Number of protein chains: 4
Amino acid sequence: MGVKERKKMEKQMRRSQILGAARKLLLSRGMDNISISKISRESQLGVGTIYFYYKSKEDIFIALQEEGLSLLLDIIQQIHGQKKLPSDRKLVKIADAYYAFTRDQQEYYNIINYFLSSPRIFFNEDQKNHVDMAGSRILQVIQEIVLHGIDTGYFNKTDPKKFSIMFWATLHGLVQFKKLEHTALHNENIQQVYDYSVQTMVQMLHKKGEE
Amino acid sequence: MGVKERKKMEKQMRRSQILGAARKLLLSRGMDNISISKISRESQLGVGTIYFYYKSKEDIFIALQEEGLSLLLDIIQQIHGQKKLPSDRKLVKIADAYYAFTRDQQEYYNIINYFLSSPRIFFNEDQKNHVDMAGSRILQVIQEIVLHGIDTGYFNKTDPKKFSIMFWATLHGLVQFKKLEHTALHNENIQQVYDYSVQTMVQMLHKKGEE
Amino acid sequence: MGVKERKKMEKQMRRSQILGAARKLLLSRGMDNISISKISRESQLGVGTIYFYYKSKEDIFIALQEEGLSLLLDIIQQIHGQKKLPSDRKLVKIADAYYAFTRDQQEYYNIINYFLSSPRIFFNEDQKNHVDMAGSRILQVIQEIVLHGIDTGYFNKTDPKKFSIMFWATLHGLVQFKKLEHTALHNENIQQVYDYSVQTMVQMLHKKGEE
Amino acid sequence: MGVKERKKMEKQMRRSQILGAARKLLLSRGMDNISISKISRESQLGVGTIYFYYKSKEDIFIALQEEGLSLLLDIIQQIHGQKKLPSDRKLVKIADAYYAFTRDQQEYYNIINYFLSSPRIFFNEDQKNHVDMAGSRILQVIQEIVLHGIDTGYFNKTDPKKFSIMFWATLHGLVQFKKLEHTALHNENIQQVYDYSVQTMVQMLHKKGEE
DNA sequence: CATGAATGAGCATTCATTCAT
DNA sequence: TATGAATGAATGCTCATTCAT
């Protein structure tokens, strides 16, 4: 019995050994520079071994993406959990947290972003469902906040689902514009635009005249 | 001098010959299927010749991106040029046109998106200035519309530049979410969210109570 | 002794378990898609276990070949057993049965064919005797029929062994030509050639003038 | 002009350099042991170079097969060209020549045989046509001989095409049985069976009674 | 007996790039 | 200028086999 458990532990360890190597490569060299043989070299494991634990390169990417998403989700849920915080503050804080995430966990952001924006289809139906559901949790949290704001009469009535998607898409789009700061955007500071946008969207939710 | 000019002309012709082949491959086979040797075959030019005119594959991509951007810019400017159209209608039409563009000119959209979402930095200083200016013109048009709306008292006062960037980023972000329609978005129709978002943003610009 | 016997039984069971998995893979996925690890997965046994019972992939193929041959032999013997059937009818029926076998049991046919047409020598002395005897039985049956035909004065005198080998080789060769039907054979229907050949060979056996 | 021709010559040389290496590997190690990288090593050329001259592994196989077929065809046509030889003697000589070919040019025989008997589909439609047409020439020669024999009243009337296919298939099948000589065939000498079969088939063609 | 983790050579193919002509 | 032959590293992935437990 102890044997079985140890085996299981070791298996877990190998998986994280592989993921560790992949993560290291991801963080140091970027998405386009990961290959199975590089992971093999980095992890000191044979290529066959990599394939024993992950049945394709995509599976490894998925695991990494899930890491990133769950990291982000944790942050967001931690904010969501602050019962005393009013709904609008929650949205602002979440937006800020996302901006910080894209800055501080750049490569995790990159990997999430990579799959979202690539025209290529990387994942089969199963994989897609698996991954996207993780991302869907984030949208759900925002939706819950909006819904709660509406229910308590704090926010105007609006389609909470549509609003949440717009909200998140706006943040997402703005972050991608960051690299245009000094060219197309003529030195307009993206972070300020980001703050402006968040504020604007949140104000939209507030009942006119009340405030 | 006549000689010099002819030489320059010929050089231009070769470049457009190459670009033509690349464009054909882009539109017919997609981004991931362009390689120098394929361009060589398609353009009836030697690989060496390709390299003489474009020093790397990325340079060709950049040129194609410019094409796509200028295509999009044309559409937008054509809308902008409709003097009789009120500012809010213009914004809606531009948004609709962009959505249509991402649908109908998918490969051009993909290549624009590719550079925008890639974590890598592709451009040297020269290329940056040269290329992104095309994208910047789009934002300028929107900005002009917003500004004109404010100046004529049609829109609320708001930072026109920041608003334009937000506006565009939202559209851009939403289009990228399209691929999540059936997973993370739980079958929420993105086009409807897109319309909702455009409407919402435009309404924000309108003076309260007036309309 | 009872223990020894049970051990032997269990060993047989394991072997047939492995063979069952291999057969399933053979019939469903074809020869080229069998690998030890696939057999391992299919049979619910560890790869090491497979190697314990069969010391190589080829050994498993040989076992499958035997299966196929014995399947074919059964069909042929069933025909041979029809006492009332005249010798010439038997030959025709056997030929037809073989043709049907190559069509309906394609993967068994493929594996038999594989060993027969491969330039490599797969068998060690042991395997040779063991395996080929199955094939040899088929020839014996034909030989018996021919011999009986001659003995009863139904057929001309000819070397029964040589004739049988020629008979079988012709069928075998023709089946292999099937894939040339639309190219080298210029749409000549192989089945018709097959029938023609069988008839021709059988007529050769008949006494001239009689019938 | 001289330059162009030399280039062409050099290109031819490279092709035969590659084919030479492939042939050498084929003859020394057998079909299953050829890989592009082995050809690359053997020919002292980079793998990329191989692919520059042959666009796939299959193309190389085809070239080799064509070599073999044309070798065989030459022999057969040389016999066919002997105007004085009666039709039956021609058939016997061709059969003998084929038997000798399978013995003396074993690896060429193996490669032809390999593709004929493999259940796998190696070639696309184009490649198949290309190759099989070469094989079809052999059958045509036999057919011509049979037809000529019939026309001159030397042979019985029979379907010349069907007969030719049967004739060749029988030879082909018998050669494949060679490896069973000491097992399934119980030491019956295949060459004798071969001779017996050829004689038998040729006699069938002769008018009864005349001879 | 039975396991299944680990291996690493091997596969066909693509590619951006160089360079002698 | 223009060519296209040559390169060889790189890719994702499979597989038969071994061996410590």
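The values are calculated or read from the model by the stated rules, or taken from the named source; none is laboratory data. These numbers come from a predicted model, not from an experiment. Cβ coordinates were reconstructed from backbone atoms using ideal geometry, including for glycine residues, and neighbour counts include every protein chain displayed.
Only one of the numbered conditions (1) free of Cβ contacts under 8 Å to residues at least 24 places away in the same chain; (2) closer than 30 Å to A:Lys57 by Cα; (3) more than 9 Å from every other protein chain (Cβ to nearest Cβ) is violated by A:Ser136, and that is (3). Taking the stretch A:108-130, which residues are of a type in the set (A, V, I, L, M) and closer than 11 Å to A:Gly68 by Cα? Across the stretch A:108-130, the qualifying residues are A:Ile111, A:Ile112. Selection of the stretch C:45-58 for residues being over 24 Å from C:Asn110 (Cβ atoms) and without any contact (Cβ under 8 Å) to a residue 12 or more places away in the chain yields C:Gly46, C:Val47, C:Gly48, C:Phe52.
Report yes if D:Asp88 is assigned by TED's automatic domain parsing to the domain that holds D:Tyr194 and either outside any helix (DSSP H, G or I) or over 17 Å from the mean Cα position of the chain (by Cα) (or both), otherwise no. Criteria met by D:Asp88. Residues in the stretch D:1-22 that are in contact with a Phe, Trp or Tyr (Cβ under 7 Å, 6 or more places away or on another chain) and either surrounded by fewer than 11 Cβ atoms within 10 Å (Cβ to Cβ) or not aliphatic (A, V, I, L, M) (or both): D:Arg14, D:Arg15. For the stretch C:35-56: of the residues being within 13 Å of another protein chain (Cβ to nearest Cβ) and surrounded by 13 or more Cβ atoms within 10 Å (Cβ to Cβ), which is nearest to DNA strand F (Cβ to nearest atom)? It comes out as C:Val47. Taken over the stretch D:143-167, the criterion of being closer than 22 Å to D:Tyr109 by Cα and buried (at least 23 other Cβ atoms within 10 Å of the Cβ) is satisfied by D:Ser164, D:Ile165, D:Met166, D:Phe167.
Restrict the check to the stretch C:68-80 and report whether at least one residue is within 16 Å of DNA strand E (Cβ to nearest atom) and free of Cβ contacts under 8 Å to residues at least 12 places away in the same chain.
Narrowing the stretch C:68-80 to residues within 16 Å of DNA strand E (Cβ to nearest atom): none.
The answer is no; no qualifying residue exists.
Candidates are the residues of the stretch B:57-77 that are surrounded by fewer than 18 Cβ atoms within 10 Å (Cβ to Cβ) and within 16 Å of DNA strand F (Cβ to nearest atom); the one that is nearest to the other protein chains (Cβ to nearest Cβ) is B:Lys57. Within the stretch D:152-211, the set of residues being more than 25 Å from the chain's Cα centre (by Cα) and more than 9 Å from chain C (Cβ to nearest Cβ) comprises D:Thr152, D:Gly153, D:Tyr154, D:Phe155, D:Asn156, D:Lys157, D:Asn187, D:His206, D:Lys207, D:Glu210, D:Glu211.
Can you tell me which residue is farthest from A:Phe167 (Cα to Cα) among those in the stretch B:180-211 that are of a type in the set (S, T, N, Q) and at pLDDT 85 or above?
Quick first cut of the stretch B:180-211, residues of a type in the set (S, T, N, Q) only: B:183, B:187, B:189, B:191-192, B:197, B:199-200, B:203.
Next, only the ones that are at pLDDT 85 or above stay: B:187, B:189, B:191-192, B:197, B:199-200, B:203.
Working: B:Asn187: 18, B:Asn189: 16, B:Gln191: 15, B:Gln192: 14, B:Ser197: 9, B:Gln199: 14, B:Thr200: 11, B:Gln203: 16 Å.
Out of the qualifying residues, it is B:Asn187.
Looking only at residues that are touching a helix residue (DSSP H, G or I) at 6+ places or on another chain (Cβ under 6 Å) and modelled with pLDDT under 70 in the stretch B:96-126, which one is nearest to the other protein chains (Cβ to nearest Cβ)? Taking the candidates together, the pick is B:Pro119.
The single condition from (1) touching a residue at least 40 places away in the same chain (Cβ under 8 Å); (2) within 14 Å of chain C (Cβ to nearest Cβ) that D:Ser28 fails is (1).
Within 14 Å of chain B (Cβ to nearest Cβ), within 16 Å of DNA strand F (Cβ to nearest atom) and within 21 Å of A:Gln176 (Cβ to Cβ) - does that describe any residue in the stretch A:85-95? Scanning the stretch A:85-95, I find no residue that is within 14 Å of chain B (Cβ to nearest Cβ), within 16 Å of DNA strand F (Cβ to nearest atom) and within 21 Å of A:Gln176 (Cβ to Cβ), so the answer is no.
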